[in-house]
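Q: One structure coming up, written as structure tokens, with questions to follow.
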Amino acid sequence: QVHLEESGGGSVQAGGSLRLSCEASGSIGVFTTMGWYRQAPGKQRELVATITSGGGTNYADSVKGRFTISRDNRKNTVYLQMSSLKPEDTAVYYCKANRFVSVFWGQGTQVTVSS
């Protein structure tokens with residue numbers, strides 16, 4: 001049974017930084033794609049950033065230049081470095097991992113950015 005655990009969420013003032021981590025356990029293989037999604041109250045869940053096993057990345061336009069996604073394939077861990085945070089970044093952030101046709105989600109971690 002694959003289990004994803006996010007950590008690093010919290011509260012920060014606008015302009016600050018946070019680093020989210022997501023560690024996958026219960027799996028031996030490398031995930032083809034790992035990424036981060038977020039959902040604000042009353043809003044649909046949206047893509048933030050993804051990264052492939054080969055290091056290819058893509059970002060939502062709203063976070064380009066401020067967020068950086070990276071991964072450690074040896075540890076099956078994905079990171080999201082968030083800088084220059086804005087109040088509109090406030091949301092629950094979810095980790096997602098894909099391997100072939102299997103999709104796994106973490107439980108989410110709250111990120112709150114105050115003005």
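The values are calculated or read from the model by the stated rules, or taken from the named source; none is laboratory data. Not measured: the values here are computed from a predicted model. Quick reminder, even Gly has a Cβ in these numbers, built from the backbone with ideal geometry, and neighbours come from all protein chains shown. For the accessible areas, the whole protein counts, side chains as well, though only heavy atoms, and no ligand, DNA or RNA atoms are used. Shrake-Rupley method; radii C 1.70, N 1.55, O 1.52, S 1.80 Å.
Q: With both partners inside the chain, how many of the DSSP beta bridges are antiparallel, as a percent to the nearest 5?
A: So the antiparallel bridges in the chain amount to around 90 percent.
Q: Mind ranking 70-77, 17-24 by how tightly packed they are, going by the mean number of other C-beta atoms within 10 angstrom, highest first?
A: Details: 70-77: 14.6, 17-24: 18.6.
Ranked from most to least packed, the peptides come out as 17-24, 70-77.
Q: Taking a cut-off of 18 Å between Cα atoms, list the aspartates and glutamates near residue 75, but don't count ones fewer than 8 places away on the same chain.
A: Within the straight-line cut-off, residue 75 pairs with 5, 6, 23.
Q: Write down the accessible area per residue of the chain in Å², having rolled a 1.4 Å probe over the full set of protein chains.
A: On the way: 6130 Å² over 115 residues.
With all protein chains present, the chain gives 53 Å² per residue.
Q: For the pair residue 62/residue 39, report the inter-label distance in nm, with labels modelled 7 Å from Cα in the Cβ direction.
A: 1.5
Q: Simple spin-label model, 7 Å along Cα-to-Cβ: residue 107 to residue 88 in nm?
A: Taking the simple label geometry, residue 107 and residue 88 are separated by 3.1 nm.
Q: Ignoring any ligand, DNA or RNA, what whole percent of the accessible area of the chain comes from carbon and sulfur when the probe is 1.4 angstrom?
A: 47
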